[in-house]
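To start, the structure itself, in C-alpha cells.
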Amino acid sequence: MAAARIRHMLRTQISAFGSAPAPVLPRAAAKHPERISRRAESITVTDPKPDARPGWVDQMIRVRDDRSEDDFVALFDHFAPRVKAFLMRSGSDASLAEECAQEVMVTVWNKAHMFDPGRASVATWIFTIARNKKIDVLRRQRRPEPEDLPWGPEPEPDQTEVLALQQETETLGEALAALPDKQRQLIEKAYFGDLTHSEIAAETGLPLGTIKSRIRLALDRLRHAMQQKQ
Amino acid sequence: MTEPTHHLTPQLLMAYSAGTLPEAFDLIVASHVSLCDTCRAELASYDAVGGALLEAETDGFRGIELDASSRSDVLAAIRNEEPAAPAPAPAPKCGDPRVPTPLAPYIGGGLDTVKWRSVGMGVKQSILPTSPGATARLLYIPAGTAVPDHGHNGTEVTLVLKGAFEDEDGRFARGDVEVATEELNHTPVADISEDCICLAVTDAPLRFKGLLPRLAQPFLKI
C-alpha cells in the first residue's frame with residue numbers, strides 16, 4: 001500500500017478525536033491560559049523562534065539530522081520529567097522510574113533516525129517508547145508488535161501533511177483538556193494507571209459497566225468535538 | 001489481499017496502545033493489525049491520545065522531579081554511545097505467508113508443522129507460550145465441523161488465519177477477528193470447503209454446555 005494513503009488514514013483517524021470546538025471551553029482556558037492566548041495571536045509573531053512549528057518537531061528533526069545536543073537538551077527538559085511521572089503512575093518507585101526515564105531519553109537520541117513526523121507527533125513517538133519500556137521493565141513481558149509497513153521510497157513526508165498532523169495533535173490535546181474531569185481521569189487511569197477496567201472499577205468503586213460506558217462516552221466526546229471543527 | 005471486515009474493539013486497541021494487556025492479547029492485536037490497515041490507523045489514533053496525555057500537565061504529574069544529575073547523566077550516556085549502528089534488518093519473515101509476522105516467533109515454523117493435540121470431534125489445539133493472565137492457542141477446525149457450543153466467563157478473541165467459520169454473529173474469514181464476551185454463547189462451524197485455523201485468546205476458561213466437554217475441560221486446558 002502506498003505510504004501516502006496510510007498517512008492520510010492516520011491523519012483522518014487522529015482527526016476523529018481531536019479539536020475542541022471554538023470558542024474553547026472555559027476549563028481549558030482556565031487550565032492553560034498561556035497556551036490559549038498564544039494560539040489566539042499569531043504563532044509566528046509571539047513564538048520565540050519565528051520559524052518553529054509547534055509540538056517539538058523542529059527540535060526533534062535537528063536531533064535526528066544534525067545530532068544537535070542543544071535541541072536534545074530542550075526535549076529532555078520537557079519530556080524526561082513527564083516520562084518519569086508516567087512510569088511512577090504506572091506503579092514504579094522513584095528510583096526505577098528515574099533510571100527508566102533516562103533510558104527512554106537515551107533511546108530518543110539513539111533511535112532518532114526512526115522518527116517520522118508524518119506518522120506521529122514527537123509526544124506520541126516518545127509515549128510509545130516509554131510505554132514499551134514500561135511493559136519491558138515493570139511488567140516483564142514480551143511485546144508483540146505489528147509488522148512494520150514499507151513506507152515507500154520518499155524518506156520525507158509532504159510538509160503540509162506534517163503540519164496537519166501536528167495541528168491535529170495539538171487540537172487533540174485541547175479536546176482532552178476540555179473533557180469533564182471524571183471522563184478525563186478515567187482515560188488517564190486507563191493509560192497511565194496500568195489498571196485493567198476491572199481494577200479501575202475496584203479502585204473507584206464504580207461498577208465495571210459504568211467504567212466501560214464512561215470511557216466510551218469520553219472517546220465519543222473527543223470524536224464529536226473534532227467533527228464540529230471540520 | 002482483501003481487507004478484513006470484522007475488526008478489533010476500541011477497548012482492545014486502546015488497551016494495547018496503553019500497554020495494559022496480557023501478552024496473549026497483545027499477540028492477537030498485533031497479529032490482526034498486521035493484516036488490517038483500518039485497525040492500524042485506529043491504533044495510531046490511540047497512540048496519539050497517549051502522546052496528548054503525556055504532553056498535558058495532568059494532575060498526577062505535578063511535583064515529580066528528575067534527580068539533580070539526571071540531565072548530565074543522560075548527556076554523558078549519549079556521548080559515550082557507539083556511533084549509531086545501521087538500522088537492524090527487519091526480523092526474518094516466517095516462511096509461511098499465512099502466519100502474521102508477530103505470531104511467527106511463537107509457533108516456530110509454519111502452520112503445517114504445528115504440534116496439535118486433539119480436543120475431540122476432530123478439533124485440535126496447540127497452546128502457545130505466553131506470560132500468565134491470558135492464554136493463546138491455535139485452533140484447528142476440520143472443514144464442516146462445529147466447535148462445541150460454549151460461553152465465556154471472560155473475553156475470547158479469535159483471529160482467522162486460514163479458511164473461515166460461521167456462527168451466530170456472522171461469517172469470519174482470513175484476517176477477521178471475533179470478540180466474544182460473557183453474553184455470547186456461540187457454535188462456530190468451519191466452512192465446508194476448507195479446514196479452518198484460528199488464533200484464539202481467552203482470559204478465562206470457556207464454559208461448554210454439554211456435560212462431556214465440561215468434564216474434559218480441566219484436562220484439555222480449554
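Some points to look at:
- A simple packing score, the average count of other Cβ atoms within 10 Å per residue, orders the peptides A:58-64, B:6-12, B:71-77 as A:58-64, B:6-12, B:71-77, with the highest score first.
- Counted by Cβ distance under 13 Å from B:Leu111, the other residues give a net charge of +1, where Lys and Arg count +1 and Asp and Glu count -1.
- In plain terms, the residue of A:Lys133, A:Lys182, A:Lys84, B:Lys162 with the fewest other Cβ atoms within 10 Å comes first and the most crowded comes last, giving A:Lys182, B:Lys162, A:Lys133, A:Lys84.
- Sorted by Cβ neighbour density within 10 Å, fewest at the top, the residues B:Leu128, B:Leu21: B:Leu128, B:Leu21
- Averaged over the residues of A:133-143, the number of partner chain Cβ atoms lying within 10 Å of the residue Cβ comes to 4.
- Sorted by Cβ density within 10 Å, fewest first, the residues B:Trp116, A:Trp109: B:Trp116, A:Trp109
- Taking amide H atoms as placed 1.01 Å from N in the peptide plane, the amide H of B:His6 lies under 5 Å from those of B:Val177, each 5 or more residues away in sequence or on another chain.
- Near A:Asn132, once Lys and Arg are set to +1 and Asp and Glu to -1 for all other residues with Cβ below 10 Å from its Cβ, the sum equals +2.
- Entries in A:Lys133/A:Lys182; A:Lys133/B:Lys124; A:Lys84/A:Lys182; A:Lys84/A:Lys111 that, when Cα-Cα distance is taken, lie over 30 Å: A:Lys133/B:Lys124
Bear in mind these aren't lab numbers, they're just calculated from the coordinates by the rules spelled out. None of these values were measured; they are calculated from a predicted model. In this analysis, Cβ positions are derived from the backbone assuming ideal geometry, glycine residues included, and neighbour counts consider all displayed protein chains.
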